[in-house]
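**Q** Just passing along the structure, written as structure tokens.
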Amino acid sequence: MIGEADLVISVCIEKSKKFLLLRRGADQTRPGIWEFPSGRTRQGEKIKNTAIRLAREQTNIKLKAAEQVGMAESISGADHMVVLHFYSKTRGGAIRLSQQHTDYRWADRRQINAMRPGRDASEESLGFFDLRKR
């Protein structure tokens, strides 16, 4: 039987037509995976504010505005995950990684696909950003 779904917020940050990906540390779940800044909401926190906080905490990047652009769902065995995808351009800030990540890269779509990212930065996820007009 499947339990409750985990809600994950994922933030695609764009700068000069490239997207920011972070590499998970060896001591994290799914070590070495490339992903967008992502995480969970805090008690009483609005989801849009979660996206802004995660970008700041994990990268030190300030966002112009975070816009929800899509949702993806994954069920594997007893694991059930719902990912809300947000998009934003940068407003500034020099990148400073949190302890969760060991590396970062600004990459275009072709480069992202070659990096074999995790689910939140997959081709399916990037498709959400094609649907919106910038």
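**Q** Kindly write out, for the range 95-101 in residue order, the coupling ³J(HN,Hα) from the Karplus curve 6.51 cos²θ - 1.76 cosθ + 1.60 (θ = phi - 60°), rounded to whole Hz, with x marking Gly and Pro.
**A** These are the phi-based 3J(HN,Hα) values: 5, 9, 6, 6, 5, 6, 10 Hz.
**Q** So, one more: For the range 41-125, rounded, prolate or oblate, judged on the Cα gyration tensor with a ≥ b ≥ c (square roots of eigenvalues), a/c < 1.5 rounded, else prolate if a/b > b/c?
**A** oblate
**Q** With +1 on the Cβ of every Lys and Arg and -1 on the Cβ of every Asp and Glu, and nothing else charged, how large is the dipole of the range 19-91 about its Cα centre, in debye rounded to the nearest 20?
**A** 460
Since every read-out is calculated from the coordinates, none of them should be taken as a lab result. A quick note: this is a predicted structure, and the numbers were derived from the prediction, not measured. Cβ: placed from backbone, ideal geometry, glycine included. Neighbour counts: every protein chain shown.
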